[in-house]
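Chemist: Got a structure here, written out as structure tokens. Questions coming.
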């Protein structure tokens, strides 16, 4: 089991922590250089996190657990119209990215109006490709309560945001975070930042619980190892014109290559002695024609 962590510190001697990550059998997931500072997002064996913490202390840097790293979150608005999409949904998506996750914004086609709002099967399937869904709703309690059908049967954890105070159980959500809603400006004020921080805390708690559940029936191989194997063994990945060619999820990897052209090549990749197609479900994504690799649990080998 790998733990995702983020190191922040000076660029001087930062190569020492990279060498330690490699020695521990871990991986550098992302590295950002900012003049004299560096931020490294990594995945290391859970039992070796104390070694990373010790090295970070030696380098006068800081390190913290990043539960949202190597996850993919859907931020869903009832519509793409201006009364729903900006600004709260945009700022939620951007703020979550600071904590290592990959966010995708989704606007439903028929979400306008509490009496006529709907969600199609294809939209539902697209949302369920993610690890977590955040539904960004509005300012009125009655409106939120009459839109619960948009997410009540979504087969992944759902967080709902809105303006009024509500109980998550009353609206069939895993969690509810207030102090959002239809805000016609950027979320830069104190109360907005506090709401965003609360949303991150709730998201981290839910993701951590999902990781604990996966430990009861672990995946055959870690998604992080699959991601590294695909980067090394599929040359076309290096030519994907996207900031994140491969997106790690809790139980798999999104590959931004055309399914019809590359799914057989992806299935034939060898990962820790296994053919990937034998230990994972390779399917076509509802997002463009990406390839979804969903890794099977160990019990599937019995």
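The values are calculated or read from the model by the stated rules, or taken from the named source; none is laboratory data. Everything numeric in this text was worked out from a predicted model, so none of it was measured. Cβ coordinates were reconstructed from backbone atoms using ideal geometry, including for glycine residues, and neighbour counts include every protein chain displayed.
Chemist: Between 56, 69, 46, which is touching a strand residue (DSSP E or B) at 6+ places or on another chain (Cβ under 6 Å) and under 30 Å from residue 137 (Cα atoms)?
Modeler: Residue meeting the stated conditions: 69.
Chemist: Still on this model: Can you say whether residue 208 is touching a residue at least 60 places away in the same chain (Cβ under 8 Å), in the same structural domain as residue 134 (by TED's automatic domain parsing) and touching a strand residue (DSSP E or B) at 6+ places or on another chain (Cβ under 8 Å), as far as the supplied structure shows?
Modeler: Criteria not met by residue 208.
Chemist: For the list (1) crowded, with 16+ Cβ neighbours inside 10 Å; (2) closer than 19 Å to residue 157 by Cα; (3) in contact (Cβ under 8 Å) with a residue 60 or more places away in the chain, I need the number of the one condition that residue 222 fails.
Modeler: Failed condition: (2).
Chemist: Within the bounds of segment 124-133, is there any residue that is over 21 Å from residue 80 (Cα atoms) and either out of contact with any strand residue (DSSP E or B) (no Cβ under 6 Å at 6 or more places or on another chain) or surrounded by 14 or more Cβ atoms within 10 Å (Cβ to Cβ) (or both)?
Modeler: Yes.
Chemist: Counting only residues that are touching a residue at least 40 places away in the same chain (Cβ under 8 Å) and part of a helix (DSSP H, G or I), which one in segment 122-173 is nearest to residue 101 (Cα to Cα)?
Modeler: Ranking the candidates gives 127 first.
Chemist: Please tell me if residue 185 is closer than 21 Å to residue 97 by Cβ, at pLDDT 85 or above and exposed (fewer than 13 other Cβ atoms within 10 Å of the Cβ).
Modeler: Judged against the criteria, residue 185 is not a match.
Chemist: Hey, can you tell me all the residues within segment 232-267 that are under 24 Å from residue 1 (Cα atoms), loosely packed, with under 14 Cβ neighbours inside 10 Å and either touching a helix residue (DSSP H, G or I) at 6+ places or on another chain (Cβ under 9 Å) or in contact (Cβ under 8 Å) with a residue 40 or more places away in the chain (or both)?
Modeler: Scanning segment 232-267 gives a single hit, 244.
Chemist: Working carefully through the options 16, 47, 22, find the one that is surrounded by fewer than 16 Cβ atoms within 10 Å (Cβ to Cβ), touching a helix residue (DSSP H, G or I) at 6+ places or on another chain (Cβ under 8 Å) and not assigned by TED's automatic domain parsing to the domain that holds residue 127.
Modeler: 16
Chemist: For segment 272-289: of the residues being free of Cβ contacts under 8 Å to residues at least 40 places away in the same chain and either in a strand (DSSP E or B) or in contact with a helix residue (DSSP H, G or I) (Cβ under 7 Å, 6 or more places away or on another chain) (or both), which is surrounded by the fewest Cβ atoms within 10 Å (Cβ to Cβ)?
Modeler: That would be 275.
Chemist: Does residue 203 meet the test of being buried (at least 20 other Cβ atoms within 10 Å of the Cβ), at pLDDT below 95 and over 18 Å from residue 268 (Cα atoms)?
Modeler: Taking the combined requirement at face value, the residue does not satisfy it.
Chemist: In segment 180-200, is there at least one residue being in contact with a strand residue (DSSP E or B) (Cβ under 9 Å, 6 or more places away or on another chain), in a loop (DSSP other than H, G, I, E, B) and under 21 Å from residue 90 (Cα atoms)?
Modeler: For segment 180-200, residues in contact with a strand residue (DSSP E or B) (Cβ under 9 Å, 6 or more places away or on another chain), in a loop (DSSP other than H, G, I, E, B) and under 21 Å from residue 90 (Cα atoms): present.
Chemist: Return yes or no: is residue 226 under 24 Å from residue 296 (Cα atoms) and touching a helix residue (DSSP H, G or I) at 6+ places or on another chain (Cβ under 9 Å)?
Modeler: Against the criterion (under 24 Å from residue 296 (Cα atoms) and touching a helix residue (DSSP H, G or I) at 6+ places or on another chain (Cβ under 9 Å)), residue 226 qualifies.
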